[in-house]
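The values are calculated or read from the model by the stated rules, or taken from the named source; none is laboratory data. Everything numeric in this text was worked out from a predicted model, so none of it was measured. Cβ: placed from backbone, ideal geometry, glycine included. Neighbour counts: every protein chain shown. Accessible surface areas use protein heavy atoms only, side chains included; no ligands, DNA or RNA. Shrake-Rupley method; radii C 1.70, N 1.55, O 1.52, S 1.80 Å.
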Amino acid sequence: MIPVALKGTGVHLPERIVTNDDLARMVDTSDEWITSRTGIRERRWLAPDRAVSDMCVAAARDALASSETTVHDVDVIIVATYTWDQPLPSTALIVKEALGAHRALTLDVTQAACANGVQALLLAAHLLQSSAARTVLVIAADCASRVTDPQERTSRIFFGDAAAAAVLHRGDGDSGLLAWDFGSELSYDVQIKAGGSRLPASESTVERREHFVTMNGRAVWDTATRWLPDSILTAAAKAEVPIERIDHFFLHQANLNIINAALDKLGVPATKAPVTLDRLGNTGSAGVFTALHSRFGELRKGDVFVMSAIGAGFQWGTLCFRH
């Protein structure tokens, strides 16, 4: 076990609410089609004059306040996002300066998409074992409305914008990270094709709309429904905690049908897995954090919970904590 303590969480949601009926006026879809296939009824879109770092700062301040931690106590800031403000400089550094956390080390976790958040938490837990770090601020945020194609139904309907944060302290006693499981298999079924060294931005890449997310929905379904429950089972086995003894399941908030399929495979009642995607959509890196935040005030000392997500790549991971 790695002794860490989750001390507080925070969330920031953009003001603009986009309903399924709103989307039906933009692309060929309907409220019934979206709801039946995803469970999503509405999502938030960030205002044009705001960036991911703005959401991160707001969520961070919320988490710091709820954990009674000051910015001067923060040793490390990790920002998990695949929709950074810009390629350079670091979004975590932009957030650090805005918060005034002047002595914090900054790190960015970027290319696991929806799994960025759990990767960042694993990194935070290990950094807290160093004598140099006592407090880590992990922020997970994405602004997918900027990278989904306004003309393409498949990706446009799924995603929303949000930021969420968690404050972790070095722990003691019998609470902390009990076990984890991470895995990957290379796939281009979810990708942003252009904008890197292989296919730099050009007039032709913009014309071909290659800077937007493309997604093979069947591949996502097959991979997620296989690896999410398998990863949870593996992490629980490593922690020597039976599935029925796990109190809360904070799962990848992409599709209600995927969550239900995973819970069915695990034999877990839906009451143990809070859902935020119905009103927020798939918020990428922030998804599992929004689920954690929705129930953080209900966690009791000794509760065991898992956080599990899968993202583009494909990359997936599960963390098993005792509160």
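Find the Rg to Rh ratio for segment 217-323, where Rh is the Kirkwood radius over alpha-carbon pairs and Rg uses the same atoms. That ratio is 0.93, to two decimals. For segment 151-253, what is the charge dipole size about the Cα centre, in debye to the nearest 20, if Lys and Arg each add +1 at the Cβ and Asp and Glu each add -1 at the Cβ? Around 400 debye, computed over segment 151-253. A straight line joining the Cα centroids of segment 1-18 and segment 86-165 runs 11 Å. Name the long-range amide H neighbours of D303: under 5 Å, sequence gap of 5 or more, or other chain; modelled H, no Pro or chain starts. The list, which skips near neighbours in sequence, is H323.
With Cα atoms as the point set, the radius of gyration and Dmax of segment 160-297 evaluate to 17.9, 58 Å. Close amide H partners of G39, meaning residues 5 or more places away or on another chain with modelled amide H under 5 Å apart, are L256. Annotation: per residue accessible area for segment 23-67 equals 48 Å², rounded to a whole number [probe 1.4 Å, protein chains only]. 3J(HN,Hα) along segment 91-106: 5, 4, 5, 4, 5, 4, 5, 5, 7, x, 8, 5, 9, 7, 6, 10 Hz, from the Karplus curve 6.51 cos²θ - 1.76 cosθ + 1.60 with θ = phi - 60°, whole Hz, x for Gly and Pro. When the helices of the chain are scored as -39500 (n - 2.57) per DSSP H run of n ≥ 4 and the total is divided over every residue, the value at 222 nm lands at -9500 deg cm²/dmol.
Sites listed here are trypsin sites (Lys or Arg not before Pro) in segment 1-53 whose DSSP assignment is loop and whose Cβ has at most 14 other Cβ atoms within 10 Å: R25, R50. Rg/Rh, computed from the Cα trace of the chain with Rh as the Kirkwood radius, has the value 0.95. Based on the convex hull around the alpha carbon atoms, segment 86-239 presents an average projected area of 11.5 nm². Relative protection proxy for 207-214, 161-168, 292-299, 115-122, from highest mean packing down: 161-168, 115-122, 292-299, 207-214 (other beta-carbon atoms within 10 angstrom).
Phi angles across segment 190-197 convert, under the Karplus curve 6.51 cos²θ - 1.76 cosθ + 1.60 with θ = phi - 60°, into 3J(HN,Hα) values of 10, 7, 10, 6, 10, x, x, 6 Hz, Gly and Pro given as x. Averaged over residues, the count of other Cβ atoms within 10 Å places the peptides 175-184, 192-201 in the sequence 175-184, 192-201, highest first. Packing, as the average of other Cβ atoms within 10 Å across residues, places the peptides 134-144, 256-266, 76-86 in the order 134-144, 76-86, 256-266, highest first.
Restricting the GluC sites (Glu not before Pro) of segment 88-186 to loop positions (DSSP other than H, G, I, E, B) with no more than 11 neighbouring Cβ atoms within 10 Å leaves E185.
Over the C-alpha trace of segment 65-119, radius of gyration and Dmax come out as 11.8, 33 angstrom. Whole-percent P(r), segment 4-157, all Cα pairs, 5 Å bins from 0: 2, 9, 17, 20, 17, 13, 9, 7, 4, 2, 0, 0. In segment 203-305, the portion of solvent-accessible area held by carbon and sulfur atoms comes to 50 percent [1.4 Å probe, whole percent, DNA, RNA and ligands not counted]. What the phi angles of segment 204-210 give under the Karplus curve with 6.51, -1.76 and 1.60, with θ = phi - 60°, is a coupling list of 6, 5, 5, 4, 7, 6, 8 Hz, glycine and proline written as x. For V109, the amide hydrogen comes within under 5 Å of the amide hydrogens of V79, A80, T81, counting only partners 5 or more places away or on other chains and with H modelled in the peptide plane. Rolling a 1.4 angstrom probe over the protein heavy atoms with all chains in place gives segment 182-323 an accessible area of 45 Å² per residue.
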